[in-house]
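These notes are about the structure you will find just below.
The values are calculated or read from the model by the stated rules, or taken from the named source; none is laboratory data. Since this is a predicted model, take the numbers as computed values, not measurements. We place every Cβ from the backbone using ideal geometry, glycine too, and count neighbours over all the protein chains shown.
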């Protein structure tokens, strides 16, 4: 199979992967919003043969967590977390003669070089972060770190995106708890703009712009929660109702720099914040995405986008958004709900 | 009621209107995707009192089209097209003491000065452009022109967005055929980027970049349709499956420059193209948005985004898109379907 093709808009700095490997007929698009019928979950224990061999699994052996990998002939069955290649990858590793960016007149393209992996977060189908055990979620975060560390070591990889789609309306085609990891040969535009601005701010002031934002939001009315290591707030210009961002308080450009106690604190933070969101809005669909880069002036974080409204003609056509829920009010609701979650799970 | 507030992201050039006038409780967001129950259509003839007085209506008087307006005490009942203020406006005209852009540290904001109007496209509830009479659709396009002309004359208006949401999944909260027109005090980012690039290209080459694109796409495999005056193609880096763009062949920066025969040709173009889309995909939800500015180097056009997939964590988090339908294949399907529509309606 040939690699997918990436294409850049005639004018905008906007890239799209034309994933023709997943090519469909027009009729496949009719009522695409219907729930897919899937009798057997390919991510549940016992069905390991429904996916390619795991790139790695975590297993518990004599009370310790071990990392192993499957082979073509052997799949581990006793896994706690499992990382597998996506069966329908948008990005694929290089083989022979791949092309970098090509430009002919207004037509700019590149091979969709990279990786597309899935982290199965638990053997338990419904162990989503909002209800997960902290110990399990800590393993998931270790798996994110392992995955990002490995993928970003390839010279053709410019960015690694770790993101999660929760619920059918947020684009999750399988309901088993899982995260996707996509490594791309370009720095996507949203992160590129953040990197550029954080670099120029650093050059001007010798300070991190995100550290400044954290300081301003820490004492304010958009604060939703904080722990020793993390701070959670609804951003000033929230695009989505109940949107919130999670930042490590310590300046770190990627998750690769986290210490074990920070990983555990992050697990707890995700658990109570996504649990709080779940309790306010009856398990709403949402997406989250990590933003991180190796640039030292950058400050990694997670952005959580509840899927409670539809981006329509204005949003799609102009990039201007309407949000009917002020972040100051969203944070008020989240604050209470997160506190309740915290009391529920204890310390 | 105070004006809504616009806010800019800490870092990105991305604006959001915090529409607190439409403030809702958390419970209002639960299952927001359920069809709203509305027994009486506020846009159907006879229910004119359910909207504010019309800013203008088109009526047929002695075989000629007349333009009139409602008053507080009197609403026209015999209208063909009706333009009314949105009952829940995101943007509102100035009253007293409005503030321009204000910036305090990382917090940038502005009053949401502008207008938010609705064009009711027909007295017939279901006369959407894909099935409309050409004569009716020609009136709708005249209404767009009237609306844009009036709104862009205000000194506090920097951009006028004309867009249409079709179907519940594309954000249409009312099913009666209608278009929205929003005038904003800023130039939204997507259009701003196009303007900037088309200006720099013009400065370098003394040519319009869009005229160049049209020339390149005219003979190619992404062409979906063309008439005397308009050309329709699936863009090279289509973000959405079956996305297509409609350009006037003649260089014009806004729709205000259209001649009557061009308006009629555009009506026909919209009719056959949206009719073709409708027939391939069983009346799919879609959005369309006009892009236009008064800048002479710009070239106005319409972008049509069928809503057949979900923007998930990757798209929302990074601004990088995956499209499973190559535009070359979408255009092939659209081409046939549009031709059938053309034969159906005759010339």
(request) Can you confirm whether the stretch B:228-244 contains a residue that is over 16 Å from the mean Cα position of the chain (by Cα), farther than 22 Å from residue A:29 by Cα, in a helix (DSSP H, G or I) and without any contact (Cβ under 8 Å) to a residue 60 or more places away in the chain? (result) no
(request) Quickly run through the stretch A:256-284 and pick out the residues that are touching a residue at least 24 places away in the same chain (Cβ under 8 Å) and over 18 Å from residue A:136 (Cβ atoms). (result) A:256, A:276, A:277, A:279, A:280, A:281, A:283, A:284
(message) Residue under question is residue B:210, and the condition is that it be surrounded by 18 or more Cβ atoms within 10 Å (Cβ to Cβ) and in a loop (DSSP other than H, G, I, E, B); does it hold?
(response) no
(request) Return yes when residue A:135 is at pLDDT 95 or above, at the interface with another protein chain (Cβ under 9 Å from one of its Cβ atoms), surrounded by fewer than 21 Cβ atoms within 10 Å (Cβ to Cβ) and out of contact with any strand residue (DSSP E or B) (no Cβ under 7 Å at 6 or more places or on another chain) and no when it is not. (result) no
(message) Take the residues in the stretch B:44-62 that are assigned to a loop (DSSP other than H, G, I, E, B) and in contact with a strand residue (DSSP E or B) (Cβ under 8 Å, 6 or more places away or on another chain); name whichever of them is surrounded by the fewest Cβ atoms within 10 Å (Cβ to Cβ).
(response) B:45
(message) Step by step: first the residues of the stretch A:191-205, then only those that are touching a helix residue (DSSP H, G or I) at 6+ places or on another chain (Cβ under 8 Å) and in contact (Cβ under 8 Å) with a residue 40 or more places away in the chain, then the one that is farthest from the other protein chains (Cβ to nearest Cβ). Which residue is that?
(response) A:202
(request) Specify which of the listed residues (B:280, B:338) is touching a strand residue (DSSP E or B) at 6+ places or on another chain (Cβ under 7 Å) and assigned by TED's automatic domain parsing to the domain that holds residue B:264. (result) B:338
(request) Considering (1) over 30 Å from residue A:42 (Cα atoms); (2) in a loop (DSSP other than H, G, I, E, B); (3) within 12 Å of another protein chain (Cβ to nearest Cβ), say which one residue A:173 fails and leave the rest. (result) (1)
(request) Filter the strands (runs of 3 or more DSSP E) completely within the stretch A:78-140 down to those with at least 3 residues that are in contact with a helix residue (DSSP H, G or I) (Cβ under 7 Å, 6 or more places away or on another chain). (result) A:79-85, A:115-120
(request) Consider residue A:161 carefully, then state whether it is assigned by TED's automatic domain parsing to the domain that holds residue A:85 and surrounded by 22 or more Cβ atoms within 10 Å (Cβ to Cβ). (result) yes
